[in-house]
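Quick notes on the structure that follows.
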Amino acid sequence: MQPQPVITVLAGNKPVTGLCELQREAEVRVTDAAGLPHALAGADILYLWDFFADGVRRAWPAAGSLQWIHVPAAGVDKLMFPELVASDVVLTNARGVFDRPMAEHVLAALLHFAKNFGRALAQQQQKQWNRYATSDLAGASVLVAGTGSIGRCTARLLTAVGMQVQGLGRTARTGDPDFGTVHASADFAAVAGNFDYVVLAAPLTPASRGMLGREVLAALKPTAVVINVGRGALADEAALEEALRTGQLAGAALDVFETEPLPESSGLWALENVLITPHLSGDATHQLPLLAQQFADNLAAWKSGRPMMNVVDKKLGFVAS
């Protein structure tokens with residue numbers, strides 16, 4: 001009889017859904033970031049239930065027996081430190097769980113600007129009855145930067161409401177089932193001016209960091225709106241704020257930022273053409289059991305030697321399609 005695997009769960013202050021079930025399958029050590037080095041000693045698996053927590057790199061010297069890390073999140077950029085990338089430790093994520101909530105968040109943000117709900121709320125608070133012009137999403141063009149599962153789910157939903165959707169990915173191609181045309185990321189500035197909306201849904205990698213920079217912002221229509229649900233560092237935040245303040249860009253819905261929480265000193269808070277949400281585009285009430293079950297399914301595969309789901313290509317920084 002094989003000994004039970006040892007799973008270290010980085011939980012922080014978050015209750016771990018499915019913990020009782022896990023404890024029947026393994027020796028489970030629940031810890032916070034401060035206790036992670038001690039809890040990693042001799043562990044086979046690291047389960048980052050609190051995926052916003054820091055401390056994995058600091059605890060890495062204690063991870064000599066580690067074979068697998070699972071992150072119940074889509075983005076794994078915080079874990080792409082050289083020691084992990086160079087190791088044989090398998091990294092998996094929660095690809096698929098967040099696709100629909102994030103796509104719906106993007107649609108809501110687009111409707112917020114197309115229907116000018118910000119003005120409606122301001123008028124409601126002032127008890128004003130003033131009609132104003134709105135626009136349709138049907139027929140509007142949108143470029144989705146990121147052609148992974150989140151970008152594809154977003155593209156399908158936006159297509160369903162009549163938008164003209166194209167993609168931005170590593171390589172250019174035509175005939176894509178969800179985007180039709182996919183433009184190469186290197187051509188972002190060259191094609192950006194053709195779209196009414198730009199959605200950032202790409203993973204954060206060295207290649208994508210700062211992809212929405214001054215050159216792309218200068219190429220956008222002054223009526224364009226940017227939605228960022230990927231990572232804050234996909235955009236040059238200072239350049240984006242300047243473009244929004246000067247009218248170079250009509251608006252932005254930002255769910256992610258270079259520093260989180262967004263500092264009170266940020267000028268973005270005061271801009272009326274910005275919708276700020278606190279990194280919640282992927283949240284939905286039904287997700288915790290799905291995340292727990294996804295890890296349980298992968299644990300069963302790992303224990304039996306079967307291929308696991310959602311293995312991250314550590315050189316790329318995401319699950320390759």
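Exactly one of (1) over 20 Å from the mean Cα position of the chain (by Cα); (2) under 26 Å from Ala26 (Cα atoms) is unmet by Ala292. Its number? Unmet condition: (1).
Condition check for Asp77 on (1) assigned by TED's automatic domain parsing to the domain that holds Val28; (2) over 12 Å from the mean Cα position of the chain (by Cα): one failure, at (2). Filtering region 38-63 to residues that are under 21 Å from Pro15 (Cβ atoms), of a type in the set (D, E, K, R) and crowded, with 17+ Cβ neighbours inside 10 Å leaves only Asp50. Residues of region 34-78 that are part of a loop (DSSP other than H, G, I, E, B), over 28 Å from Asp99 (Cα atoms) and of a type in the set (A, V, I, L, M, F, W, C): Ala34, Ala41, Ala43, Ala63, Leu66. Within region 65-114, the residues that satisfy the criterion of being touching an Asp or Glu at 6+ places or on another chain (Cβ under 9 Å) and surrounded by fewer than 17 Cβ atoms within 10 Å (Cβ to Cβ) are Ser65, Gln67.
Where helices (runs of 4 or more DSSP H) fall entirely within region 214-321, those with at least 2 residues that are in contact (Cβ under 8 Å) with a residue 60 or more places away in the chain and surrounded by fewer than 15 Cβ atoms within 10 Å (Cβ to Cβ) are at 287-304.
Of the listed requirements (1) more than 22 Å from Gly139 (Cβ to Cβ); (2) within 21 Å of the chain's Cα centre (by Cα), Val225 misses just one: (1). Is one or more of the residues making up region 143-163 surrounded by fewer than 15 Cβ atoms within 10 Å (Cβ to Cβ), in contact (Cβ under 8 Å) with a residue 24 or more places away in the chain and of a type in the set (Val, Ile, Thr)? Within region 143-163, one or more residues are surrounded by fewer than 15 Cβ atoms within 10 Å (Cβ to Cβ), in contact (Cβ under 8 Å) with a residue 24 or more places away in the chain and of a type in the set (Val, Ile, Thr). Of the residues Ala252, Ala270, the single one that is closer than 25 Å to Ala202 by Cβ, not assigned by TED's automatic domain parsing to the domain that holds Val85 and not β-branched (Val, Ile, Thr) is Ala252.
The values are calculated or read from the model by the stated rules, or taken from the named source; none is laboratory data. Only a predicted model underlies this, so the values are computations on that prediction, with no experimental measurement involved. Ideal geometry is used to build each Cβ from the backbone, glycine not excepted, and the neighbour counts take in all protein chains shown.
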